Amino acid sequence: MQTITRTLAFVFMVALALLLVTFGVLNTTTVEVNLFFYQFSDLPLSLVVVGSAVIGALIVGLFTTWTGIQRSLQMRKVTKEKTKFENSAIELKKKVDDLEREVAVLRGKPMTPEHGVKKG
């Protein structure tokens, strides 16, 4: 299974490389790029387009990573709260069972451990 995945990844990479080379050969026109206070002249159009795409992908990757970190921290917080509430529920159930036993003793009714107060 890994061999097939690696082969498909290799084929995809070769196809992508061929597409990029073809794109670069077809778009050799030079352009001038003004970026705030900097001016770049005589850059190949293909370099500008591919460079812009790479920078955009990096920015998207950073935002995705940031969102993933936030989600992970939120899940950790929710898990802690869930554990706290589960422990609280267990403690409350124990208190209810103790109070039911106390009521049964005060009423003089025997209790069974599985079913609480024995009705009789």
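The values are calculated or read from the model by the stated rules, or taken from the named source; none is laboratory data. Model, not experiment: these values are computed from the prediction. Backbone-built Cβ (ideal geometry, glycine too); neighbour counts: all protein chains shown.
Below are the figures for this structure:
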| quantity | calculated |
| --- | --- |
| Residue in region 50-66 that is surrounded by 10 or more Cβ atoms within 10 Å (Cβ to Cβ), at pLDDT 85 or above and in contact with a strand residue (DSSP E or B) (Cβ under 9 Å, 6 or more places away or on another chain) present | yes |
| Qualifying residues in region 10-37 (those that are of a type in the set (A, V, I, L, M) and surrounded by fewer than 10 Cβ atoms within 10 Å (Cβ to Cβ)) - the one farthest from Ser52 (Cα to Cα) | Val25 |
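Residue-wise test of (1) loosely packed, with under 10 Cβ neighbours inside 10 Å; (2) within 26 Å of Thr22 (Cβ to Cβ); (3) touching a helix residue (DSSP H, G or I) at 6+ places or on another chain (Cβ under 6 Å); (4) in contact (Cβ under 8 Å) with a residue 24 or more places away in the chain.
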position	(1), (2), (3), (4)
Gln39	yes, no, no, no
Pro44	no, yes, no, no
Lys93	no, no, no, no
Glu100	no, no, no, no
